[in-house]
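Have a look at the structure below, then the notes.
The values are calculated or read from the model by the stated rules, or taken from the named source; none is laboratory data. It should be emphasised that the depicted structure is a prediction, and the values quoted were computed from it without experimental measurement. Quick reminder, even Gly has a Cβ in these numbers, built from the backbone with ideal geometry, and neighbours come from all protein chains shown. These accessible areas exclude ligands, DNA and RNA; they are computed on the full protein's heavy atoms, side chains included. Shrake-Rupley method; radii C 1.70, N 1.55, O 1.52, S 1.80 Å.
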Amino acid sequence: MSAPAAQPRLEPFRLRGANFNLLVLRLLDARPEIIVPAIGDQFRRAPGFLRNAPIVIGLDDLAMAPHEVDFATLAAELRAIQIVPIGTTGGTAELKAAAQAAGLPPLRTAGGKEEDVPLGAPAAPAAPAPQAA
């Protein structure tokens, strides 16, 4: 006798919410030439600890203008040493936009809510001035 034919699935995938513990690399300086060697030192002290680790880049402590931060180079150099930047947390709207342009989207903390107006969203119309009677 032959085995019964498998029933085809009606859906090709399922999406589920999940929470993950992630390391946050809080930037105090955004220069890749400073950050990447320092992280390389961590590799030498704890081999394998950060290897292929997904990392969120924390922008709250960064006191640089968005045009001074080369997020694309930083992300590429982190990947070159086997650290996987997956997004950002905190920072100004301008820093978030610059990071997102380099492929690092803003992430919300678990249970957090997005308070910023989405990029490209129209501004809320101004309230009409009260009419004099």
Output the number of residues of segment 65-82 satisfying the condition of being touching an Asp or Glu at 6+ places or on another chain (Cβ under 8 Å) and either free of Cβ contacts under 8 Å to residues at least 12 places away in the same chain or surrounded by 13 or more Cβ atoms within 10 Å (Cβ to Cβ) (or both). 1
Here are the criteria: (1) at pLDDT 90 or above; (2) open to solvent by less than 70 Å² (accessible area, probe 1.4 Å); (3) assigned to a loop (DSSP other than H, G, I, E, B). Tell me which single one L28 does not satisfy. (2)
Take the residues in segment 46-62 that are free of Cβ contacts under 8 Å to residues at least 24 places away in the same chain and either open to solvent by 100 Å² or more (accessible area, probe 1.4 Å) or of a type in the set (K, R) (or both); name whichever of them is farthest from K96 (Cα to Cα). P47
Looking at F43, is it open to solvent by 60 Å² or more (accessible area, probe 1.4 Å), modelled with pLDDT under 95, over 25 Å from E94 (Cβ atoms) and of a type outside the set (S, T, N, Q)? no
With respect to A76, is the statement that it is outside any strand (DSSP E or B), modelled with pLDDT of 95 or more, under 12 Å from A30 (Cβ atoms) and among the hydrophobic types (A, V, I, L, M, F, W, C) true? no
